[in-house]
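Asker: Dropping the structure in here first, questions after.
The values are calculated or read from the model by the stated rules, or taken from the named source; none is laboratory data. The structure displayed is predicted, hence computed values, not measured ones. We place every Cβ from the backbone using ideal geometry, glycine too, and count neighbours over all the protein chains shown. Side chains are part of the model used for accessible areas, which takes the heavy atoms of the whole protein and leaves out ligands, DNA and RNA. Shrake-Rupley method; radii C 1.70, N 1.55, O 1.52, S 1.80 Å.
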Amino acid sequence: MTTNKRRRTSSKPVSYAEDDASENEFTDDDFESVSNGNSRSRVKVKQERNNTNDKKKKDTRDDDFDDEQEFDDDIDDDDDDDDDFEEETGKKVQNKKRKATNGTAAKKATAKTKAKTKTKTTKSATTAKKKTQKRTTKASTVKKPPTLRKLKELDMADRLNAAMQAYLWWEAPTLKAGEQWLSMEHAGVCFADDYEPHGIKMKYDGQEVELSSAEEEAATFFAAVDPEGMHLGNPKTAPIFIKNFFEDFRNVVLSSKNRQLIKKFEKCDFGPIRDHLNEQKIVKKAITDDERKRNKLNRQQVMFQYGYAIVDGHMEKVGNYNMEPPGTFRGRGEHPKMGKLKQRVWPEQVALNLSDSVAVPRCTVRGHSWGEVRHDPNVQFLAAWKENINNQDKYMQLAAQSSFKGKSDRSKYSKAARLCGKIGDIRASYNKKLTSKDKADRQMGTAMWVIDRLALRVGGEKDTDEEADTVGCCSLRVEHLHFDPNNEGAGNMEIELEFLGKDSMLFKQTIDFCSELYNLNNGMGEQVYKNLKYFCKKKKDSDDVFDSLTPQLLNQHLKEIMVGLTAKVFRTYNASKTLQDELRKTEQKNSWKKLTIAEKVVEYNAANREVAILCNHQKSVSKAQETSLGNISEKLNILKKQRTILRDTLKKLKKMGKDDKKLKVPLKENVKKMDEKVKKALEQAKRMKDSAKTNEEKIAASMADEKAKQLRKDFSAKKFEQNHLWDKIPTAEQVEKRIVLWNSKISKMELDLKHKDDNKEVSLGTSKINYMDPRISVAFCKRNEIPIEKIFSRTLRDKFNWAMAVPPYWEFNVDKGNEDSL
């Protein structure tokens, strides 16, 4: 008879906290048995039965039986089944004893006993088998011990960054007034590599032209500019760009021989060089993983050599240690010098600044030396030079997260906070000047109002032949103001302001000077409208609005009001105050506590957007943004269609039932073949990259990689399209749960789409980096238990590490500003 032996480890539910650790130790073999489920356990039980049948000795059978009986007593809840099992086994033993003592008679008795107990034995075995399966199923559902997430291995750069963050500069001793450092040591500037000629010739009037290395480099600079991009693709900027480039190309670069040949830009053909550059881009895409790692290591080696400085005994990160390479000057907007050639900067043009007690860094450019070595602790720059386009000074400085920048930022925000205590007196002062009979005073008061309420910059006179025609308050011209832009007639007090602000960003806003926003609490918006209309009266479009006011006079007046007060302090104050007020309004709503973290972040971004609009922080919508918005919108429509299908499926299941043969429910398609095809394509592309030697092979590998990535994209889209379906007909409960999940997904994606669409033309980052006191955002996150990562990127967290310790109740006010100045 087969012995029905069961293993303790495969059938008893496992406990991770037993009193007797030795009896209930959970080994790796046990865990494997539990993980494999019932089928694995049944195989082991069968093997043990066969082993028991091979044993002939009675004492061995008795020992096995005793072990099993003891185990059953420990784990079985059904006593009747255990009694049946014991009775059956006891009779087996008695029959065999009788057989040994009574001979043939015993054989007949045993045969009769076997016949009588045959049915009962089968039932007992079946019961035991079911109990084994039940216990094994229980064991298989035991939760696996949580797998520990492998910690990220920090490379040398990460370890250095972590070490630098340990230095709390705001707790360090204060230096003397005007002194920036006591000791400074760095490795100098990393210069761009020499140009390597490619040998591709440009054409002039259809004929190839022999070019020197310098001439070829300049021609390559122009060929690298996208003909459909923002400079050559814009009909306003293209003529400026081409004119400036061709002048420098002929007069600065070309030899006398080629200058006589090349006289008209229209006959120049840079197409062969452009084709070569496009081919090189494709070749670079075929880079292997090993080459990518080597390139990363090379960049890190340069960073380790030049990217760190030692200031007052602690390490600081350097911001721009790479010298600007030569190329075409792009500029912003319609810059009058765009297209001119930026020349290569040599070490002789560079002045280093470091301690007189440290070694001067070695110049790495052969045959050259540093132009000057300074030891000036009253300035922050590490190196300085002049660029050839605007003849302006350029500097190598410490990074944004350095102590230098941190001190400057905290001082700026503290100064803006102190303005909270004087803003009332300042507004009362310029309100009086708004009605002054003296024209100069009226213009001063009106300019102050514009800077305070509209957050305009001071502005200044500019040579439009040298710089872009950007405008601020003092440089506003009559042509920039459009009174009653909608022709609403008498009583209308709207002005449309339209001009190019900093970085040639368009400022275009319609201001209603009779609204409560500008008249509440003696805002005097209507008086400002009358003054502006008076200042523009009988003037040409090109005349200045504030003809009696200069930037120098306005800045002098600001300094008389408060030490260090500038128009930027006003902008910082208004940005920070607006953010704090908008967040407080939101937090006071009754529904605030019910919002999720994601919804609270949306509200924060809405307040941030108000600040960005106030400060005119705009950005142009890129093609990538448009594509991203289109993809999100398309996915949202798919999710909504899937939800409709789920609802229809639920109705059918409730009406007809799951087992109804007439029920037709859409099921998942098998995508295994498509998945295998994608994997093979990616593997094939990788093999082609690894084996590619020539440019032709690398181009083929890049094309194969692009096709494989497109296949993977199509596969992902296919999976997304049927994510709502099942492999077999689901239950109504399963469908209901999935509908709830899909509702959540749709709500989240709608929020994401709205956020991105609302902010596509507004730069939220500029105000975060430069104008909104970061302590307001940190305190807001702490009050509402929002992870700071949802608001600040890692770069901003490193930059504003000094602001992270503020309490949840911190407020932007004059008291906090005075505390920081102590």
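Asker: Please indicate, with yes or no, whether at least one residue in the stretch 312-324 is over 30 Å from the mean Cα position of the chain (by Cα), over 12 Å from Val189 (Cα atoms) and open to solvent by 40 Å² or more (accessible area, probe 1.4 Å). Before the answer, list the steps.
Answerer: Within the stretch 312-324, the first condition is being over 30 Å from the mean Cα position of the chain (by Cα), and the residues that meet it are 312-313.
From the residues that got through so far, the ones that are over 12 Å from Val189 (Cα atoms) too are 312-313.
Next cut, open to solvent by 40 Å² or more (accessible area, probe 1.4 Å) only: 312-313.
So far as the stretch 312-324 goes, yes, one or more of its residues are over 30 Å from the mean Cα position of the chain (by Cα), over 12 Å from Val189 (Cα atoms) and open to solvent by 40 Å² or more (accessible area, probe 1.4 Å).
Asker: Among the listed residues Asp660, Asp727, identify the single one that is over 27 Å from Glu634 (Cα atoms), out of contact with any helix residue (DSSP H, G or I) (no Cβ under 8 Å at 6 or more places or on another chain) and either modelled with pLDDT under 90 or in a loop (DSSP other than H, G, I, E, B) (or both). Before you say what the answer is, go through the steps one by one.
Answerer: Details: Asp727 fails: over 27 Å from Glu634 (Cα atoms).
Answer to the check: Asp660.
Asker: Restrict the check to the stretch 692-702 and report whether at least one residue is closer than 22 Å to Glu669 by Cβ, within 32 Å of the chain's Cα centre (by Cα) and surrounded by 17 or more Cβ atoms within 10 Å (Cβ to Cβ). Can you show your working first?
Answerer: To start, the set of residues in the stretch 692-702 that are closer than 22 Å to Glu669 by Cβ comprises none.
No, the stretch 692-702 contains no residue that is closer than 22 Å to Glu669 by Cβ, within 32 Å of the chain's Cα centre (by Cα) and surrounded by 17 or more Cβ atoms within 10 Å (Cβ to Cβ).
Asker: Hey, can you tell me all the residues within the stretch 306-321 that are at pLDDT 95 or above and either among the polar types (S, T, N, Q) or in a helix (DSSP H, G or I) (or both)?
Answerer: Tyr306
Asker: Further question: Farther than 20 Å from Lys508 by Cα and buried (at least 19 other Cβ atoms within 10 Å of the Cβ) - does that describe any residue in the stretch 606-629?
Answerer: yes
Residue-wise test of (1) touching a strand residue (DSSP E or B) at 6+ places or on another chain (Cβ under 6 Å); (2) modelled with pLDDT of 90 or more; (3) among the hydroxyl-bearing types (Ser, Thr, Tyr).
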site: Lys134; (1), (2), (3): no, no, no
site: Lys138; (1), (2), (3): no, no, no
site: Trp169; (1), (2), (3): no, yes, no
site: Lys203; (1), (2), (3): yes, yes, no
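Asker: As an exercise: evaluate Ile597 against (1) open to solvent by less than 60 Å² (accessible area, probe 1.4 Å); (2) out of contact with any strand residue (DSSP E or B) (no Cβ under 7 Å at 6 or more places or on another chain); (3) hydrophobic (A, V, I, L, M, F, W, C); (4) modelled with pLDDT of 90 or more and give the number of the one condition it does not meet.
Answerer: (1)
Asker: Right, another one. Note down all Cβ pairs under 9 Å where the first residue falls in the stretch 734-758 and is under 23 Å from Arg609 (Cβ atoms) and assigned to a helix (DSSP H, G or I), the second is at pLDDT 90 or above and open to solvent by 80 Å² or more (accessible area, probe 1.4 Å), and they're at least six residues apart or on different chains.
Answerer: Met749/Lys635
Yes/no matrix, rows are residues, columns are (1) at positive phi; (2) assigned to a strand (DSSP E or B); (3) open to solvent by 50 Å² or more (accessible area, probe 1.4 Å); (4) among the acidic types (Asp, Glu):
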{"site": "Lys437", "(1), (2), (3), (4)": "no, no, yes, no"}
{"site": "Met444", "(1), (2), (3), (4)": "no, no, no, no"}
{"site": "Ile451", "(1), (2), (3), (4)": "no, no, no, no"}
{"site": "Thr470", "(1), (2), (3), (4)": "no, no, no, no"}
{"site": "Gly491", "(1), (2), (3), (4)": "yes, no, yes, no"}
{"site": "Glu498", "(1), (2), (3), (4)": "no, yes, yes, yes"}
{"site": "Thr510", "(1), (2), (3), (4)": "no, yes, yes, no"}
{"site": "Asn521", "(1), (2), (3), (4)": "yes, no, yes, no"}
{"site": "Glu526", "(1), (2), (3), (4)": "no, no, yes, yes"}
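Asker: Confirm whether Val209 is at pLDDT 90 or above, under 20 Å from Lys267 (Cα atoms), surrounded by 11 or more Cβ atoms within 10 Å (Cβ to Cβ) and not hydroxyl-bearing (Ser, Thr, Tyr). Please lay out each step first, then the result.
Answerer: On the way: at pLDDT 90 or above: yes; under 20 Å from Lys267 (Cα atoms): yes; surrounded by 11 or more Cβ atoms within 10 Å (Cβ to Cβ): yes; not hydroxyl-bearing (Ser, Thr, Tyr): yes.
For Val209, the condition - at pLDDT 90 or above, under 20 Å from Lys267 (Cα atoms), surrounded by 11 or more Cβ atoms within 10 Å (Cβ to Cβ) and not hydroxyl-bearing (Ser, Thr, Tyr) - is met.
Asker: Return yes or no: is Glu582 in contact with a helix residue (DSSP H, G or I) (Cβ under 6 Å, 6 or more places away or on another chain), of a type in the set (Asp, Glu), open to solvent by 30 Å² or more (accessible area, probe 1.4 Å) and over 21 Å from Ile426 (Cβ atoms)?
Answerer: Yes, satisfied.
Asker: Test of understanding: among Asp773, Asp727, which residue is open to solvent by 70 Å² or more (accessible area, probe 1.4 Å) and touching a residue at least 60 places away in the same chain (Cβ under 8 Å)? Give the derivation first.
Answerer: On the way: Asp773 fails: open to solvent by 70 Å² or more (accessible area, probe 1.4 Å).
None of the other options fit; the residue is Asp727.
Asker: Can you work out which of the residues in the stretch 700-714 that are among the small types (Gly, Ala, Ser) and in contact (Cβ under 8 Å) with a residue 24 or more places away in the chain is nearest to Met674 (Cα to Cα)? Even if it seems obvious, please write down each step before you answer.
Answerer: Of the stretch 700-714, the ones among the small types (Gly, Ala, Ser) are 700-702, 704, 708.
Narrowing the set further to residues that are in contact (Cβ under 8 Å) with a residue 24 or more places away in the chain leaves 701-702, 708.
Working: Ala701: 21, Ser702: 21, Ala708: 12 Å.
Per the stated criteria, the residue is Ala708.
Asker: Quick one: Arg330 ticks every box in (1) open to solvent by 50 Å² or more (accessible area, probe 1.4 Å); (2) within 24 Å of Gln392 (Cβ to Cβ); (3) at pLDDT 95 or above bar one, so which box is it?
Answerer: Result: Arg330 passes all but (3).
Asker: Go through the stretch 265-292 and give me each residue that's closer than 20 Å to Ala238 by Cα and outside any helix (DSSP H, G or I). Break it down into steps so the answer makes sense when it comes.
Answerer: Within the stretch 265-292, the first condition is being closer than 20 Å to Ala238 by Cα, and the residues that meet it are 265-271, 273-274.
Result: Cys268, Asp269, Phe270.
Asker: With the requirement that a residue be touching a residue at least 40 places away in the same chain (Cβ under 8 Å), farther than 18 Å from Met444 by Cβ and hydroxyl-bearing (Ser, Thr, Tyr), what does the stretch 527-581 give you?
Answerer: If the condition is that a residue be touching a residue at least 40 places away in the same chain (Cβ under 8 Å), farther than 18 Å from Met444 by Cβ and hydroxyl-bearing (Ser, Thr, Tyr), then Ser542, Thr572, Tyr573, Ser576 are the ones that fit.
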